[in-house]
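Take a look at the structure set out below.
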Amino acid sequence: MSLKDEKSQLINLLGDLDENGAMEIVRRCIAAGDPPMHIINACDAGMRLVGERYQDGRYFISGLIMAGEILRQVMALVLPFLKTEFSDNSSGRVLLGTVQGDLHDIGKNLVKILLGCYGFSVVDLGVDVPPETFLKRALEVKPHIVGMSGLLTLSHEAMRETIALLKAESGDSLPGCSILIGGSYIDDRVCQFVGADYWATNAVDGLHICRRIVEEH
Ligand code: B1M
């Protein structure tokens, strides 16, 4: 079976929440030397299927939980290979977190892993992070980039509040600090609404943006 077939099978198995089938394909892809990011992208597409099925009522919240668990296991398998694929000396400090009210962390964790692979030092604040915590930790860490993740439409408001607080209260303490937002319902319009500098809808774009910011710093 070609890698392309394996990938579309993986997307469907994840969509069907078939844990054993999905893990088997991932193992085969890894053994065949398939680049980790290809596997992760296929998983991303599979998660979209799960999301659609949840939205149209075929899955319940338990389906989302199951999907999250399968993806966590896939990431554990893929992670060691990701580390050997990327190694570089660029560096910068990133303060990262999922904004208040939002508990989704799989995408954020992926961003953290990729940044780490590229030599960034990442302080991860976790999920459901209040604006005040972003501010407090930003003043301590003095990051080049504050990265905010949010998967819910509701998260845009939390991003807006967090960025407004950072801008109002940090004074001159965070010179040249850029704000990157990421998630699945993010676009240019959202970026403007929340007052961020950059936006990304996948981890690789997020990584490229961070590298560019630090290079231009
Ligand atoms: Co939730 N959920 N969920 N969920 N969930 C979504 C996001 C949803 C789109 C499903 C749907 O209805 N289609 C929908 C949001 C709808 C909306 O707001 N418009 C939704 C909902 C409604 C909910 C609840 C409200 C359900 C409920 O309780 N009734 C609830 C909310 C809880 C809360 O946060 N307060 C909820 C809960 C959950 C679980 C906890 C069960 C679980 C999350 C487990 C976890 O994260 N630990 C879960 C899951 C698994 C999903 C879906 C199915 C998959 C998300 C995922 O992990 N994708 C999701 C459907 C979907 O996204 N299509 C859905 C894979 C991951 C690799 O992608 O996280 O998008 P993603 O990350 C990407 C990019 O977004 C980007 O890069 C990543 C990798 O490429 N990115 C960044 C993310 N952060 C970035 C930061 C950056 C740069 C890029 O820089 C800083």
Problem set entry | Assigned charges on the beta-carbon of Lys, Arg, Asp, Glu; region 164-207 dipole about Cα centre (debye) | 60
Exercise. For region 104-120, what does the Karplus curve 6.51 cos²θ - 1.76 cosθ + 1.60, with θ = phi - 60°, yield as ³J(HN,Hα) per residue in whole Hz, taken in order and with x for Gly and Pro?
Worked result: 6, 9, 5, x, 4, 5, 5, 4, 4, 4, 4, 4, x, 4, 9, x, 6
For this session: Apply the Karplus parameterisation 6.51 cos²θ - 1.76 cosθ + 1.60, with θ equal to phi minus 60°, to every residue of region 141-156 and state each ³J(HN,Hα) to the nearest whole Hz, in sequence, with x for glycine and proline.
Result: 7, 6, x, 6, 9, 9, x, 10, 10, x, 9, 9, 4, 4, 5, 4
Exercise. What residues qualify as long-range amide H neighbours of ILE186, i.e. H under 5 Å apart, gap of 5 or more or another chain, H built at 1.01 Å from N?
Worked result: none
Problem set entry | Surface accessible to a 1.4 Å probe, per residue, for the residues of the chain, Å² | 50
Exercise. Stokes-Einstein D for the chain at 37 °C, 0.692 mPa s, Kirkwood Rh over Cα pairs, in µm²/s?
Worked result: 183
Exercise. What is the helix-to-structure angle for 19-31, meaning the angle in degrees between its Cα long axis and the longest Cα principal axis of the chain, kept from 0 to 90 and rounded to the nearest 10?
Worked result: 80
Exercise. Where does helix 36-55 land angle-wise versus the long Cα axis of the chain, in degrees 0 to 90, nearest 10?
Worked result: 90
Seminar exercise, completed: Rounded to the nearest 10 degrees, the helix 61-85 long axis (Cα) sits at an angle to the longest Cα principal axis of the chain of 80
Exercise. Which residue, PHE60, PHE81, PHE120, has the most motion in a Gaussian network model of the chain that connects Cα atoms within less than 10 Å?
Worked result: PHE60
Problem set entry | Angstrom value of the Kirkwood radius, inverse mean 1/r, which spans all Cα pairs in region 3-86 | 12.7
Seminar exercise, completed: In vacuo Debye sum over C-alpha of region 93-216, base-10 log of normalised intensity I(q)/I(0) at q = 0.13, 0.20 Å⁻¹, listed in q order, is -0.41, -1.07
Exercise. Can you list the lysines whose alpha carbon is less than 27 Å from that of LYS167, not counting same-chain residues fewer than 8 positions off?
Worked result: LYS108, LYS112, LYS136, LYS142
Problem set entry | For the chain: relative contact order, % (alpha-carbon pairs under 8 angstrom, 6 or more apart) | 16
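The values are calculated or read from the model by the stated rules, or taken from the named source; none is laboratory data. None of these values were measured; they are calculated from a predicted model. Cβ: placed from backbone, ideal geometry, glycine included. Neighbour counts: every protein chain shown. Accessible surface areas use protein heavy atoms only, side chains included; no ligands, DNA or RNA. Shrake-Rupley method; radii C 1.70, N 1.55, O 1.52, S 1.80 Å.
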